[in-house]
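Below is one structure, written out as C-alpha coordinates; comments come after it.
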Amino acid sequence: RYLDIMKQNCYRLLKMVNNLIEINRIDSGFFNIDLKNENIVHIVREMTLSVTEYAKIKNIELTFESNKPKHIVAVDIFQLERIMLNLLSNAIKFTPTDGNIKVSLKVEDEDIFISVADTGPGIPEKYGNMIFERYCQTGGKSLLEKRGSGMGLYLVKKLLDKMNGRIWYRNNEDKGTTLTFSLPNKKLELAQA
(Lines give C-alpha, C1' and ligand atoms only; values in the text may rest on other atoms or scores of the structure.)
Protein backbone atom coordinates (compact mmCIF):
# COMPACT_ATOMS: atom_id res chain seq x y z
CA ARG A 1 0.00 0.00 0.00
CA TYR A 2 2.73 2.46 0.97
CA LEU A 3 4.72 1.63 -2.17
CA ASP A 4 1.68 2.48 -4.30
CA ILE A 5 1.28 5.81 -2.49
CA MET A 6 4.99 6.59 -2.98
CA LYS A 7 4.77 5.63 -6.66
CA GLN A 8 1.74 7.90 -7.23
CA ASN A 9 3.48 10.80 -5.49
CA CYS A 10 6.60 10.26 -7.65
CA TYR A 11 4.42 10.40 -10.80
CA ARG A 12 2.79 13.62 -9.57
CA LEU A 13 6.17 15.18 -8.84
CA LEU A 14 7.54 14.12 -12.25
CA LYS A 15 4.48 15.60 -13.99
CA MET A 16 4.90 18.86 -12.06
CA VAL A 17 8.61 19.12 -12.91
CA ASN A 18 7.94 18.38 -16.60
CA ASN A 19 5.18 21.00 -16.70
CA LEU A 20 7.51 23.59 -15.11
CA ILE A 21 10.25 22.83 -17.63
CA GLU A 22 7.85 23.14 -20.59
CA ILE A 23 6.31 26.37 -19.28
CA ASN A 24 9.79 27.89 -18.86
CA ARG A 25 10.80 26.78 -22.37
CA ILE A 26 7.67 28.38 -23.85
CA ASP A 27 8.07 31.61 -21.85
CA SER A 28 11.76 31.83 -22.82
CA GLY A 29 11.07 31.35 -26.53
CA PHE A 30 12.98 28.04 -26.71
CA PHE A 31 10.01 26.01 -27.80
CA ASN A 32 8.95 24.83 -31.23
CA ILE A 33 5.87 23.03 -32.44
CA ASP A 34 6.68 20.05 -34.69
CA LEU A 35 3.70 19.77 -37.04
CA LYS A 36 3.17 16.65 -39.13
CA ASN A 37 0.16 15.39 -41.08
CA GLU A 38 -1.42 12.80 -38.77
CA ASN A 39 -4.74 11.06 -38.15
CA ILE A 40 -6.09 13.13 -35.25
CA VAL A 41 -9.05 10.79 -34.65
CA HIS A 42 -6.65 7.89 -34.03
CA ILE A 43 -4.41 9.96 -31.71
CA VAL A 44 -7.28 11.23 -29.54
CA ARG A 45 -8.97 7.79 -29.42
CA GLU A 46 -5.70 6.12 -28.35
CA MET A 47 -5.05 8.77 -25.67
CA THR A 48 -8.55 8.21 -24.31
CA LEU A 49 -8.08 4.42 -24.26
CA SER A 50 -4.68 4.82 -22.55
CA VAL A 51 -6.33 6.09 -19.33
CA THR A 52 -9.13 3.49 -19.23
CA GLU A 53 -7.44 1.41 -16.50
CA TYR A 54 -6.87 4.54 -14.41
CA ALA A 55 -10.58 5.45 -14.76
CA LYS A 56 -11.65 1.90 -13.80
CA ILE A 57 -10.08 2.37 -10.35
CA LYS A 58 -12.98 4.76 -9.61
CA ASN A 59 -15.46 2.80 -11.75
CA ILE A 60 -15.70 5.73 -14.16
CA GLU A 61 -17.18 5.02 -17.57
CA LEU A 62 -14.97 6.54 -20.27
CA THR A 63 -16.32 6.95 -23.81
CA PHE A 64 -15.03 8.38 -27.08
CA GLU A 65 -16.99 9.60 -30.10
CA SER A 66 -16.08 11.31 -33.36
CA ASN A 67 -18.05 12.56 -36.34
CA LYS A 68 -15.34 11.11 -38.63
CA PRO A 69 -13.64 7.69 -38.50
CA LYS A 70 -10.37 9.21 -39.77
CA HIS A 71 -9.11 12.74 -40.41
CA ILE A 72 -5.61 13.87 -41.41
CA VAL A 73 -4.48 17.24 -40.07
CA ALA A 74 -1.21 19.04 -39.26
CA VAL A 75 -0.58 18.44 -35.55
CA ASP A 76 2.27 17.99 -33.07
CA ILE A 77 1.50 14.52 -31.70
CA PHE A 78 3.62 14.89 -28.55
CA GLN A 79 2.00 18.19 -27.55
CA LEU A 80 -1.51 16.97 -28.40
CA GLU A 81 -0.91 13.94 -26.19
CA ARG A 82 0.27 16.22 -23.39
CA ILE A 83 -2.90 18.35 -23.72
CA MET A 84 -5.14 15.28 -23.71
CA LEU A 85 -3.39 13.71 -20.71
CA ASN A 86 -3.77 16.92 -18.70
CA LEU A 87 -7.49 17.19 -19.51
CA LEU A 88 -8.20 13.50 -18.95
CA SER A 89 -6.28 13.30 -15.66
CA ASN A 90 -8.16 16.37 -14.37
CA ALA A 91 -11.49 14.85 -15.43
CA ILE A 92 -10.70 11.56 -13.67
CA LYS A 93 -9.42 13.35 -10.57
CA PHE A 94 -12.59 15.43 -10.16
CA THR A 95 -15.18 12.88 -11.29
CA PRO A 96 -16.69 10.92 -8.40
CA THR A 97 -16.83 7.13 -8.28
CA ASP A 98 -19.37 5.69 -10.75
CA GLY A 99 -19.23 8.89 -12.82
CA ASN A 100 -18.83 9.38 -16.57
CA ILE A 101 -16.29 11.04 -18.83
CA LYS A 102 -17.04 11.58 -22.50
CA VAL A 103 -14.40 12.60 -25.05
CA SER A 104 -15.80 14.02 -28.29
CA LEU A 105 -14.03 15.01 -31.48
CA LYS A 106 -15.84 17.04 -34.13
CA VAL A 107 -14.30 17.95 -37.48
CA GLU A 108 -15.69 21.11 -39.07
CA ASP A 109 -14.58 23.07 -42.14
CA GLU A 110 -12.23 25.53 -40.39
CA ASP A 111 -11.53 23.89 -37.03
CA ILE A 112 -11.42 20.63 -35.12
CA PHE A 113 -13.12 20.65 -31.71
CA ILE A 114 -12.15 18.22 -28.95
CA SER A 115 -14.15 18.11 -25.71
CA VAL A 116 -13.66 16.32 -22.41
CA ALA A 117 -16.92 16.30 -20.40
CA ASP A 118 -17.10 14.95 -16.85
CA THR A 119 -19.75 14.49 -14.17
CA GLY A 120 -17.71 16.08 -11.40
CA PRO A 121 -18.64 19.01 -9.14
CA GLY A 122 -18.04 21.69 -11.79
CA ILE A 123 -15.87 24.79 -11.61
CA PRO A 124 -17.13 27.53 -9.28
CA GLU A 125 -18.24 30.58 -11.30
CA LYS A 126 -16.00 32.94 -9.33
CA TYR A 127 -12.94 31.31 -10.93
CA GLY A 128 -14.13 31.81 -14.52
CA ASN A 129 -11.28 31.69 -17.01
CA MET A 130 -8.76 32.13 -14.16
CA ILE A 131 -8.44 28.32 -14.33
CA PHE A 132 -6.16 28.86 -17.34
CA GLU A 133 -3.78 31.11 -15.37
CA ARG A 134 -0.57 29.93 -13.74
CA TYR A 135 -0.95 28.39 -10.26
CA CYS A 136 -4.75 28.77 -10.21
CA GLN A 137 -6.53 26.24 -8.01
CA THR A 138 -10.26 26.21 -7.49
CA GLY A 139 -9.84 25.55 -3.76
CA GLY A 140 -12.45 24.13 -1.45
CA LYS A 141 -11.09 20.61 -1.88
CA SER A 142 -10.68 18.79 1.38
CA LEU A 143 -8.82 15.80 -0.06
CA LEU A 144 -5.13 16.17 -0.82
CA GLU A 145 -5.55 14.15 -4.04
CA LYS A 146 -7.83 16.81 -5.46
CA ARG A 147 -5.28 19.57 -5.09
CA GLY A 148 -2.88 20.14 -7.94
CA SER A 149 -0.06 22.49 -8.77
CA GLY A 150 -2.28 24.83 -10.78
CA MET A 151 0.00 24.50 -13.80
CA GLY A 152 -1.74 21.86 -15.94
CA LEU A 153 -4.41 24.01 -17.59
CA TYR A 154 -1.98 26.92 -17.86
CA LEU A 155 0.40 24.68 -19.83
CA VAL A 156 -2.50 23.40 -21.97
CA LYS A 157 -3.46 26.98 -22.86
CA LYS A 158 0.16 27.93 -23.67
CA LEU A 159 0.53 24.88 -25.94
CA LEU A 160 -2.74 25.66 -27.73
CA ASP A 161 -1.66 29.28 -28.21
CA LYS A 162 1.48 27.95 -29.95
CA MET A 163 -0.69 25.74 -32.19
CA ASN A 164 -3.16 28.55 -33.04
CA GLY A 165 -5.81 26.85 -30.96
CA ARG A 166 -8.16 27.99 -28.21
CA ILE A 167 -9.58 26.45 -25.02
CA TRP A 168 -12.69 27.24 -22.99
CA TYR A 169 -15.07 25.58 -20.56
CA ARG A 170 -18.76 25.42 -19.89
CA ASN A 171 -20.14 24.44 -16.58
CA ASN A 172 -23.22 22.99 -15.00
CA GLU A 173 -22.69 22.83 -11.24
CA ASP A 174 -24.72 19.63 -10.80
CA LYS A 175 -23.56 17.87 -13.98
CA GLY A 176 -19.86 18.66 -14.17
CA THR A 177 -17.67 20.53 -16.62
CA THR A 178 -16.89 20.35 -20.31
CA LEU A 179 -13.47 21.59 -21.42
CA THR A 180 -13.26 22.14 -25.18
CA PHE A 181 -10.31 23.08 -27.32
CA SER A 182 -9.99 23.82 -31.00
CA LEU A 183 -7.21 23.34 -33.51
CA PRO A 184 -7.04 24.63 -37.10
CA ASN A 185 -8.27 22.11 -39.66
CA LYS A 186 -5.23 22.40 -41.93
CA LYS A 187 -2.76 20.04 -43.54
CA LEU A 188 0.86 20.69 -44.34
CA GLU A 189 1.53 21.08 -48.05
CA LEU A 190 4.06 18.38 -48.83
CA ALA A 191 6.78 19.15 -51.39
CA GLN A 192 6.47 17.17 -54.62
CA ALA A 193 9.40 14.86 -55.33
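The values are calculated or read from the model by the stated rules, or taken from the named source; none is laboratory data. Since the structure is predicted, the reported quantities are computational estimates derived from the model, not experimental observations. Please note: Cβ atoms are built from the backbone with ideal geometry, for glycine as well, and neighbour counts cover all protein chains shown. These accessible areas exclude ligands, DNA and RNA; they are computed on the full protein's heavy atoms, side chains included. Shrake-Rupley method; radii C 1.70, N 1.55, O 1.52, S 1.80 Å.
So, of the residues in region 54-73 that are of a type outside the set (Lys, Arg) and at pLDDT below 95, which turns out to be farthest from Glu110 (Cα to Cα)? Don't jump to the end; show me each part of the working.
Kept after step one, since they are of a type outside the set (Lys, Arg), are these residues of region 54-73: 54-55, 57, 59-67, 69, 71-73.
Subset that is at pLDDT below 95: 54-55, 57.
Numbers: Tyr54: 34, Ala55: 33, Ile57: 38 Å.
This residue is Ile57.
Conditions (1) in contact (Cβ under 8 Å) with a residue 60 or more places away in the chain; (2) within 22 Å of Tyr154 (Cβ to Cβ); (3) under 16 Å from the mean Cα position of the chain (by Cα); (4) not in a helix (DSSP H, G or I), marked per residue:
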position	(1), (2), (3), (4)
Val44	yes, yes, yes, no
Leu49	no, no, yes, no
Asn59	no, no, no, yes
Met84	no, yes, yes, no
Leu88	no, yes, yes, no
Ile92	no, yes, yes, no
Ser104	no, no, yes, yes
Ala117	yes, yes, yes, yes
Ile123	no, yes, yes, yes
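From Gly150, Gly176, which residue is open to solvent by less than 20 Å² (accessible area, probe 1.4 Å), more than 29 Å from His42 (Cβ to Cβ) and at pLDDT below 95? Talk me through it step by step, then tell me what you get.
Numbers: Gly176 fails: more than 29 Å from His42 (Cβ to Cβ).
Of the residues listed, the single one that is open to solvent by less than 20 Å² (accessible area, probe 1.4 Å), more than 29 Å from His42 (Cβ to Cβ) and at pLDDT below 95 is Gly150.
Could you please give the count of residues in region 39-53 that are over 13 Å from Leu105 (Cβ atoms) and open to solvent by less than 50 Å² (accessible area, probe 1.4 Å)? Before the answer, list the steps.
Looking only at region 39-53, we keep the residues that are over 13 Å from Leu105 (Cβ atoms), and these are 49-53.
Now restrict to residues that are open to solvent by less than 50 Å² (accessible area, probe 1.4 Å): 51-52.
Residues flagged as over 13 Å from Leu105 (Cβ atoms) and open to solvent by less than 50 Å² (accessible area, probe 1.4 Å) within region 39-53 amount to 2.
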